[in-house]
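In what follows, a single structure is set out as structure tokens and then discussed.
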Amino acid sequence: KLTYYTPEYETKDTDILAAFRVTPQPGVPPEEAGAAVAAESSTGTWTTVWTDGLTSLDRYKGRCYNIEPVLGETDQYICYVAYPLDLFEEGSVTNMFTSIVGNVFGIKALPALRLEDLRIPTAIINTFQGPPHGIQVERDKLNKYGRPLLGCTI
């Protein structure tokens, strides 16, 4: 059985690490909410897929490895999720963000969900080629300086 809440998991330098602020529905334990986020944003599915038997999903799954209550807030938690590098296509920011911040925001067990932090290892950042004409040309076109620029379809 594939489980996505794994508090014993020790993160690797190559993992992409995400911190989600989660508000579970009443009666839903934070561990279940964290597991749902990890599953929905990686290899989890609500249906049986025949291709699941072709590979080891355990190798590619996201893992909720830590949960902390948000200080001063009722029923809000920070769920920390680690994603293995092999889950994502090299050089594709779109692929990475579609997985991490795509369908996960539609989980009914979570009335509120927000990505608070994302740590991307150098091993994958170095595969992103950037804009074809260079970042300075893009910044000049948009007149946006001193902050990250991100554009992708989710």
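Readers should treat all values here as calculations from the given coordinates under stated rules, not as data from a laboratory. Just so you know, these numbers come straight off a predicted model, no measurement behind them. Neighbour counts are summed over all protein chains in view; Cβ atoms, including those assigned to glycine, are modelled from backbone coordinates with ideal geometry.
Observations on the model:
- Cα-based reach from residue 61 at 18 Å (exclusive), listing aspartates and glutamates while leaving out same-chain residues under 8 positions away: 8, 10, 13, 15, 31, 32, 40, 52, 86, 89, 90
- Going from the residue with the fewest nearby Cβ atoms within 10 Å to the one with the most, 117, 13 rank 13, 117.
- Cα-based Kirkwood hydrodynamic radius, the chain, one decimal, Å: 16.8
- Along the chain, the longest continuous region that contains none of the trypsin sites (Lys or Arg not before Pro) in a DSSP loop with at most 14 other C-beta atoms within 10 Å is 13-107.
- Under the Karplus curve 6.51 cos²θ - 1.76 cosθ + 1.60, θ = phi - 60°, whole-Hz ³J(HN,Hα) for segment 20-34, x wherever Gly or Pro sits: 10, 8, 10, 10, x, 4, x, x, 8, x, x, 5, 5, 5, x
- For the chain, adding -39500 (n - 2.57) for each run of n ≥ 4 DSSP H residues and dividing by the number of residues yields -5500 deg cm²/dmol at 222 nm.
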